[in-house]
Amino acid sequence: MARTNLHVLASRLLACLAAQSVSGRFEGKLRQAAVEAGLNSVRSAEAVKLLESLGRIEVLQRGRRGRDTIIVINSVDEVVLEDAQTMLPARTPRKSAKLDYENLGRTVVDRLIELGRDDSLRAAQVEAFANESAQQARLIERLQAQLEEAEQRETDLRIRLKAAEGALSRAEENLSRAFGFNRPAGEPVRVEDDDAQAVLDILKAGQV
């Protein structure tokens, strides 16, 4: 049934309740009374609500958990259409479909500010990453230079060590010759190294 027939259904239910009441008081199964009035459970609830709001009835006890419904009937006046219309939800005015340029502009500006903030944050992050990468590159370059210097010093030390080993070997050989090791008796001492020869001459001069 259409909702506009609620006043008819409420009047039926009210008449049925009044017929089954004693001294204006109904005690029994509301569902059974509603079925007799031709209402289902949903429309019965709507009709009871309408009758309560109009002051036709007063519900003292609702039939839950096997209990009977107790209703006091205040009036058996017929419910009219205007009464039922009070149960309809109030119509809210439709929002204007006209475009609100002020709100649209504010939304666009807010979005642009948000995008600008995000871009600034990303730019700052990129700059920070670039600075960090540049610092790492400079550090690697400096370490490579230090490594090359260390390798060069190692090479120089190897050359010096080899030269020192050669000079020591020659000095040992000259001293061996000077002091007659592995030299036939009476053979004059001949030293190839000039420094060693000078030392030998000094030693000889001291023996004279």
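Looking at segment 157-172, which of its residues are in contact with a helix residue (DSSP H, G or I) (Cβ under 9 Å, 6 or more places away or on another chain) and at pLDDT below 80? Scanning segment 157-172 gives a single hit, ALA171. Candidates in segment 88-116 are the residues that are basic (Lys, Arg) and modelled with pLDDT under 85; of these, the one that is nearest to SER53 (Cα to Cα) is ARG91.
Using the structure shown, decide if ILE71 is surrounded by 14 or more Cβ atoms within 10 Å (Cβ to Cβ), over 18 Å from VAL8 (Cβ atoms) and in the same structural domain as ALA10 (by TED's automatic domain parsing). Answer is yes for this residue.
Set side by side, the residues ASN103, ASN131 differ, and just one is loosely packed, with under 10 Cβ neighbours inside 10 Å and either touching a strand residue (DSSP E or B) at 6+ places or on another chain (Cβ under 7 Å) or part of a helix (DSSP H, G or I) (or both), which is ASN103.
If you go through segment 22-41 and pick out every residue that is under 21 Å from ASP83 (Cβ atoms) and either part of a helix (DSSP H, G or I) or not hydrophobic (A, V, I, L, M, F, W, C) (or both), you end up with 6.
The values are calculated or read from the model by the stated rules, or taken from the named source; none is laboratory data. Being a predicted model, the structure only gives us computed values, none of them experimental. For neighbour counting, all protein chains shown are included, and Cβ atoms are generated from backbone atoms with ideal geometry for every residue, glycine included.
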